[in-house]
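To keep things clear, I will list the structure first and then write my remarks on it.
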Amino acid sequence: MPYTGFEGYSWINMTTHANDYVRKHNPAVIYQANDSPERLSVIKNFTRFQQDLASNSLPQWSFITPNMTDDAHDSSVTVAGEFLKRG
């Protein structure tokens, strides 16, 4: 997901043309119950995961789905494995 609260259907990194995002990576935004500014503010991308983990501030429930590069759809199982190791 490109940024917190993103509700779009797709996103392309215009610099690298990699790490594409598609809506199936964020099913929470499909539901109207999650489209308020308050709910969208807690639907975050993965960039702060390590910081939230270190500060013991992860949410009670998380859904983590890698982008099209890191899930090996647009790359290889080696790239997906590296994503899992970085986690």
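Each Lys or Arg adds one and each Asp or Glu takes one away; over the other residues whose Cβ falls under 14 Å from the Cβ of Asn19, this sums to -4.
Mind jotting down the distance between the C-alpha centroids of region 1-16 and region 17-45, whole Å? Rounded to whole Å, the Cα centres lie 10 Å apart. Projecting the Cα atoms of Trp11, Thr69, Ile43 onto the charge dipole of the chain, computed from C-beta unit charges around the Cα centre, puts Ile43 farthest toward the positive end.
Of the options (i) 0.91; (ii) 1.29; (iii) 0.97, only one is Rg/Rh (Cα atoms, Kirkwood Rh) as computed from these coordinates, and that is (iii).
So what is the calculated 222 nm ellipticity per residue for the chain, using -39500 (n - 2.57) for each DSSP H run with n of 4 or more, over all residues, to the nearest 500 deg cm²/dmol?
Working: 3 runs with 20 residues, N = 87.
After summing the helix terms and dividing by the residues of the chain, the value is -5500 deg cm²/dmol.
Considering only alpha-carbon pairs that sit under 8 angstrom and 6 or more positions apart, the relative contact order computed for the chain is 29 percent.
Which ³J(HN,Hα) values in Hz, rounded to whole numbers, follow from the phi angles of region 32-49 under the Karplus curve 6.51 cos²θ - 1.76 cosθ + 1.60, where θ = phi - 60° and Gly and Pro get x? Coupling constants for region 32-49: 4, 4, 10, 9, 7, x, 5, 5, 5, 5, 9, 8, 10, 7, 8, 5, 9, 4 Hz.
No lab work stands behind these numbers, since they all come straight from the coordinates. Because the structure is predicted, anything quoted here is derived from the model rather than measured. Here Cβ is always computed from backbone atoms with ideal geometry, including for glycine, and neighbour counts include all displayed protein chains.
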